[in-house]
Amino acid sequence: MIEVKDIHKQYGDITALEKISLSVRKGELFGLIGPDGAGKTSLMRILMSLLLPDSGSATMNQLDVVKEYKKVRLITGYMPGRFSLYPDLTVEENLKFFATVFGTTIQENYYLIKDIYQQIEPFKTRRAGKLSGGMKQKLALSCALIHKPEILILDEPTTGVDAVSRKEFWEMLKRLKNMGITILVSTPYMDEASMCDRIALIQQGQLMSVATPRAMIESFPEDLWAVRTRKIYDTSKQLEKLPSMLSVNSFGQVLHLVTAKGVDTPESIQKYLAEKGELEISVEPSEATIEDVFILLMNHHKHHIQ
């Protein structure tokens, strides 16, 4: 449904996208995962024909996003990163407006948005600008869906939204996927990656990996240890000097230590720390998260550039 081939985009000296290629299958929930400035929004704006690529091509259900942009806009629903509905119009007026633009009515496609819209319907006379973050998000998704698109493009839809609303939102996306809608969603939140069928990790305009979340985690090539300590900062500084250390990062109250495969054991790491005066520490093997995979790939990428 979505085919991207060698898309390149430059802003002056900054490369936003460097020869990006990926494909999203029909009915797939595909995640574009990366931090701010990684190139996610540029790619989505190109797919929505709001930005021209410098080179490369992209199609949405075999429609060229540059040459056939009018047709592309008819088959896609788009939710940009910033709330972009009309703040002075009410909830209901915004929805009616978008339905009318696409030559349909709220009634005709109500079944598509019912689960989402019912939660904000009690506030249908409230101005959109006065809604909470979670409600704005639900209204924006309803407006993107009202013309029954084949493809949904969502740019960081859960940024700045509370944890409960984030969870609800992903449940909604799974229901829409089950209706056969193809969804491309971007997020800076690594924990949301596991909700997707497949993900692409993107950093500084380059795709680092594309796979299912499970395949990515299982392909983690090094040893990963969960180190629990009362002195997070001191212990991490000592672990940075461990000869086999590849990276040390804090995940809440736990340190994730990555070492070269097969070199260390929990006992050898504890012994090393004890010699440095670091006591009352537990070390145990841990399964990688998507964030661990991302950090490892990012470090490889940095060394490759240097």
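Where a number appears in this text, it was derived from the coordinates with a stated rule and is not lab data. Just so it is clear, the structure is predicted and the values come from calculations on it, not from any experiment. Counting neighbours? That spans all protein chains shown, and the Cβs are built from the backbone with ideal geometry, glycine included.
Can you tally the net charge around A226? Count Lys and Arg as +1, Asp and Glu as -1, for every other residue whose Cβ sits under 12 Å from the Cβ of A226. Please list the in-between numbers first.
On the way: positive: R228; negative: D223, E284, E287, D292.
Here the charged neighbours net out to -3.
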Farthest toward the dipole's positive end in the chain, which of V227, G37, P243, given Cβ charges of +1 (Lys, Arg) and -1 (Asp, Glu) about the Cα centre? G37
Ranked M48, M60, criterion: other C-beta atoms within 10 Å, fewest first: M48, M60
Find how much the distance from R25 to K67 grows on full extension, using 0.36 nm per residue of separation minus their present alpha carbon separation; answer in nm with one decimal. 12.9 nm
What value, in deg cm²/dmol to 500, does the helix sum -39500 (n - 2.57) over DSSP H runs of n ≥ 4 give at 222 nm once divided by the residues of the chain? -10000 deg cm²/dmol
Please compute the volume of the convex hull spanned by the alpha-carbon atoms of region 2-212 and report it per residue in Å³. 115
Return the inverse of the average 1/r over all pairs of distinct C-alpha atoms in region 221-287, which is the Kirkwood hydrodynamic radius, in Å to one decimal. 11.5
Would you please put 6-14, 148-156 in order of how densely packed they are, using the mean number of other Cβ atoms within 10 angstrom per residue and starting with the highest? 148-156, 6-14
Would you mind counting up the charge near L273? Only other residues with Cβ under 13 Å from its Cβ, with Lys and Arg at +1 and Asp and Glu at -1. 0
